[in-house]
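Presented below is the structure to which this report refers.
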Amino acid sequence: LKRVLVRAPWRAVFSHGGAWASRRINTMHAAKAFFSPRFLGTSVIVASGAGMLAWNIEKGVRESKMVLCEAEKPGMIDSVQLRNQFRYMFSEAVDKATPGVVQIRCVKEDGWYSYESSGSGFVFEENGSIMTNAHVVQGARTVEVRLSDGTHIDATVENFDVLADVAILRPSTKKKLTPVVVGKSSELRVGEWVIVCGSPGSLQDSVSVGVVSALGRQSAELGMGARRMSYIQTDAAINHGNSGGPVVNLNGEVVGMSSMKAAQLEGIGFAIPIDLGMEIVRQLRKHGRVLRPYLGVKCEVDHTKLQLERPYSFRMHSLALSHPRPHPLFPSPSPSTPTRILIV
């Protein structure tokens, strides 16, 4: 019993001391592992990555708030506004030009019967003067103009020129008409958007859209060398009834007047440049006609020196007088293959 009592406390102390020593050793190993270079390096990398991620998230949120604040400022164009702007870019030009576009109805006589024809035109002056094609009103007994608001008024032909295919109408009304904005055809560029307004097939207030296909298309290229005119070629639809209607740009300014189209080709129409049309109007009012240069040719044949076995004939070709300075009314014709043209 003494031996047991003497040895028991020591065994208990040794037993408890062994457990305490074991726990102390495990704690020291953990501390050494925690402060090891590998563990510290990994901890630093993880902490740095987490910090950068948090900073980027905060920066993104801050920039998003700035973009939202900028979009809310007046005058800034967001995607919706930009889409709507392109959606209505033609509509704004049409709304600006349409009040000055008119439909023209004529009663013409051809021998013993009469018939009706229609075309288009536009008010180009504050006094209500209307410009249209000469072939629309030539030979008309009565002329009636229908405005964009549906009002019908009578009109008289003030003057016209057949070769230039330009006519001036004077409405018989005291009502103030809304004129179009006359632009400059000299500022047109190939590929520029244009809008043809008019009444094709008597369908009033119709529009078609296209681009300027070519500038300075000579009448000689179209088989009409005697006119000595230059035209705007466009792929916008020009049909019967569009004659005399305005061709406008995206600013709503009139840059041409529809005149004709190719008969057997699609997407080829021609318009008279507005600069040329206004010059013709100026000459019609100043001189009563369009002044054109000409060269007279007289031929004499000495029959005594001709020994012909059969009757002979001469074919005269038109001669153009070249100007020392180019004139917009009389461009120099260039020979090419004639194109069949349909007057609309």
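The values are calculated or read from the model by the stated rules, or taken from the named source; none is laboratory data. This is a predicted model, so every value here is computed, not measured. Methodologically, a virtual Cβ is constructed for each residue, glycine included, from the backbone with ideal geometry; neighbour enumeration extends over all protein chains shown. Note: areas computed on protein heavy atoms with side chains; ligands, DNA, RNA excluded. Shrake-Rupley method; radii C 1.70, N 1.55, O 1.52, S 1.80 Å.
The table that follows gives values for the structure above.
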{"quantity": "Extended-chain gain in nm, criterion 0.36 nm per residue less alpha-carbon gap, residue 138 and residue 282", "calculated": "49.9 nm"}
{"quantity": "Exposure rank, largest accessible area first [287, 240, 135; 1.4 Å]", "calculated": "240, 287, 135"}
{"quantity": "Span from the the stretch 167-213 Cα centroid across to the the stretch 79-156 one, whole angstrom", "calculated": "8"}
{"quantity": "Point-to-point label distance, residue 189-residue 291, nm (Cα→Cβ direction, 7 Å offset)", "calculated": "3.6"}
{"quantity": "Fully extended contour minus Cα-Cα distance, from residue 87 to residue 151, at 0.36 nm per residue", "calculated": "20.0 nm"}
{"quantity": "Peptides 270-282, 145-157, 111-123 ordered by average Cβ neighbours within 10 Å, highest first", "calculated": "270-282, 111-123, 145-157"}
{"quantity": "Hypothetical label at residue 181: residues of the stretch 114-130 whose amide nitrogen lies under 18 Å (7 Å Cα-Cβ projection)", "calculated": "122-126"}
{"quantity": "Efficiency of FRET from Cβ geometry, residue 126 and residue 211, R₀ 35 Å, rounded to 0.05", "calculated": "0.65"}
{"quantity": "Percent RCO, i.e. relative contact order, over the stretch 118-193, from Cα pairs under 8 Å lying at least 6 residues apart", "calculated": "34"}
{"quantity": "Charge sum, other residues only, whose C-beta stays under 13 Å from residue 251's C-beta, Lys/Arg counted +1 and Asp/Glu -1", "calculated": "-3"}
{"quantity": "Förster radius 25 Å - calculated FRET efficiency between residue 263 and residue 298, Cβ distance, rounded to 0.05", "calculated": "0.10"}
{"quantity": "Above-threshold pairs, the threshold being 27 Å between Cα atoms, out of 184/286; 261/286; 96/184; 96/174", "calculated": "261/286"}
